[in-house]
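One structure is given here, and the rest of the page talks about it.
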Amino acid sequence: MRQLALRNRPNTAAVCLAFAFLVSGWQPCLSQSTQVADDEVLSLVERLGDGSFKTREEATIRLLEIGPPATRALKQAVAGNDYEIAIRARDLLEVFEHLLFSGVTIELSGSRTVFDWSDSVALTVRLENTGSHVARLPFELILPSVDKRSARLRQFTSLLDLSEYLVVEGPGGRAVRLYVDDINEDPALVAAVNDRVEQPPVDEIPPGETVRYRVDEFNRGWARYRLLEAGDYQLQVVYQPQWDDDELVRSGVGRVASNRLKLAVGKPAPLCVRRAVAPANLKLSRQGDAMVAALTNQLDLPVWVNLNLTVERGAPFARTRWFVDCGEQRHMLRASRLLHHPREPFSRDRIIQVMPGDTIELARLSYETLADEARGCQVTFTYSNITNITWQRANSPGPAAGVKAGKGREEPLPYRMLVATLTSDGRQVQTSE
């Protein structure tokens, strides 16, 4: 007898985030019928008790495709005298209680279809229940947000839920994965992820009604699909029930899909952003008579960089050091200790925003200074920062509490501060320099 059970429906993206993996790429695993004659349903229910195994299986699959519109006939069968039919009818009814999008047509649209990589795009999913029964949706149909914090939470949760069913393909058919910033910066985001791990959201549409599910900043929010390359992108909402029977999955039983939405990106992201393997990059270069250490933001969104620099002190200061490598020996450049004032207090004003692809100077040394210790050797530069709003929350009140925001309240650090330990490539100090 065919196993009709559906596998438990975890929110895959939420589970991945809860275990610190940023994996989305839901695999799109025949649309459910919404109009079917009563006579056909009754005939199919009768065939559930047929002496032919093949006939029973074909009837079962067809009833699965019909979905909840067959509920009334199946309930009557459960109360009937034919045990074989009653058992199969009961199993089908249990499955129907967990099916999503049954009888629903899905239309996907975007706030714009031609844009540059840094332009924000909102998605709207129009869902119409054309069936005769209440349809279940895996979303929260929530009210519009009213402040920045709730706007961030709504953007995050709405895309997190949709990502379970959203397939995004970039130029050349390359899969585009869901990217999520550090959720630990906002406890509300952490709570939302944990809630979805325990119980994925479910809402309902009555027969004949239409709802619209909106996702703001689909490509520029806290959770986002990064459309960095120029070219065409294809988006589609796809639902495939995850049957225990793999044959049902392969056959697409219960599958519901939207139209394919085409988006075109004109201007691409800077090359360093498109090819980035780290959030930022440190580079040494000669500028006139000085060696300059510069930091480039390689993320696709602006970041805040802590320029409260020090050699010895820890957070909330960022630590910078120059090193000299001569053969197998390494030491910190003695002159680097003179670059920062050890008693200078932490200042919120020395946390600056850096746009994607932009570069800022962190430090410079004259070649005359380098020549004293590094002539004929390689010099490298390191930058390390652990200070962000998560650190502030865990350590408040602390050294960063010197920045006040009226009535003695501590001013919050900005979201998306660069937390990283970066090391530049080595730069040879020539003997002639």
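The values are calculated or read from the model by the stated rules, or taken from the named source; none is laboratory data. Model, not experiment: these values are computed from the prediction. Every residue, glycine among them, receives a Cβ derived from its backbone with ideal geometry; neighbour counts consider all protein chains shown. To get the accessible areas, we keep the full protein, side chains included, count just its heavy atoms, and leave off ligands, DNA and RNA. Shrake-Rupley method; radii C 1.70, N 1.55, O 1.52, S 1.80 Å.
From the Cα gyration tensor of region 246-287, with a ≥ b ≥ c the square roots of its eigenvalues, which class applies: rounded if a/c is under 1.5, or else prolate if a/b is larger than b/c, or else oblate?
In terms of gyration-tensor shape, oblate.
Relative to the current alpha-carbon distance between residue 151 and residue 411, full extension at 0.36 nm per residue lengthens the span by 91.5 nm.
Taken one residue at a time, the phi angles of region 81-96 give Karplus couplings (6.51, -1.76, 1.60, θ = phi - 60°) of 9, 8, 4, 4, 5, 4, 5, 5, 5, 4, 4, 5, 4, 5, 5, 4 Hz. Gly and Pro are set to x. Extension gain, residue 79-residue 251: 0.36 nm per intervening residue step, less the Cα-Cα distance, totals 58.9 nm. Here region 248-385 exposes an accessible surface that is 48 percent carbon and sulfur, computed with a 1.4 Å probe and the other protein chains kept in place. Accessible surface calculations at 1.4 Å, restricted to protein heavy atoms, place region 151-269 at 39 Å² per residue. For region 237-369, what does the alpha-carbon gyration tensor say about shape, rounded, prolate or oblate, given a ≥ b ≥ c as the root eigenvalues, a/c under 1.5 as rounded, and a/b over b/c as prolate? Prolate is the answer for region 237-369, as a/c is 1.5 or above and a/b outweighs b/c. So who's got an amide H within less than 5 Å of the one on residue 308, skipping anything under 5 residues away but keeping other chains? H placed 1.01 Å off N, in plane. Sorted by chain and number, the residues that satisfy this are 318.
Quote the FRET efficiency, to the nearest 0.05, computed for residue 37 versus residue 278 with a Förster distance R0 of 45 Å and r equal to the Cβ-Cβ distance.
FRET efficiency, residue 37 to residue 278: 0.15.
The residues of region 282-331 expose, per residue, 40 Å² of accessible area to a 1.4 Å probe. Phi angles of region 345-353 translate, via the Karplus equation with coefficients 6.51, -1.76, 1.60 and θ = phi - 60°, into HN-Hα couplings of x, 5, 9, 4, 5, 9, 10, 10, 8 Hz per residue; Gly and Pro are given as x. When you count the other C-beta atoms within 10 angstrom of each residue and take the mean per peptide, 169-177, 236-244 line up highest first as 236-244, 169-177.
If contacts are Cα pairs under 8 angstrom and at least 6 residues apart, what is the relative contact order of region 174-285 in percent?
Once divided by the residue count of region 174-285, the mean separation gives 25 percent.
Once the C-beta distance of residue 353 and residue 260 is scaled by a Förster radius of 51 Å, the resulting FRET efficiency is 0.85 to the nearest 0.05.
Where does each of 204-216, 411-423 land if you order them by average Cβ count within 10 Å, highest first?
So the order, starting with the most tightly packed, is 411-423, 204-216.
Straight-line cross-link partners of residue 267 among the aspartates and glutamates, defined as a Cα under 20 Å from its Cα and at least 8 positions apart when in the same chain: 116, 119, 169, 217, 229, 232, 300, 358.
Backbone phi angles across region 124-129, fed through the Karplus curve with coefficients 6.51, -1.76 and 1.60 (θ = phi - 60°), yield HN-Hα couplings of 10, 10, 8, 10, 10, 8 Hz in residue order; Gly and Pro are listed as x.
Rounded, prolate or oblate: pick one for region 207-253, where a ≥ b ≥ c are the square roots of the eigenvalues of its C-alpha gyration tensor, a/c under 1.5 means rounded, and failing that, prolate if a/b is larger than b/c, else oblate. Here region 207-253 falls in the oblate category.
Stokes-Einstein, applied to the Kirkwood radius of region 292-386 over Cα pairs at a viscosity of 1.002 mPa s and 20 °C, places its translational diffusion at 148 µm² s⁻¹.
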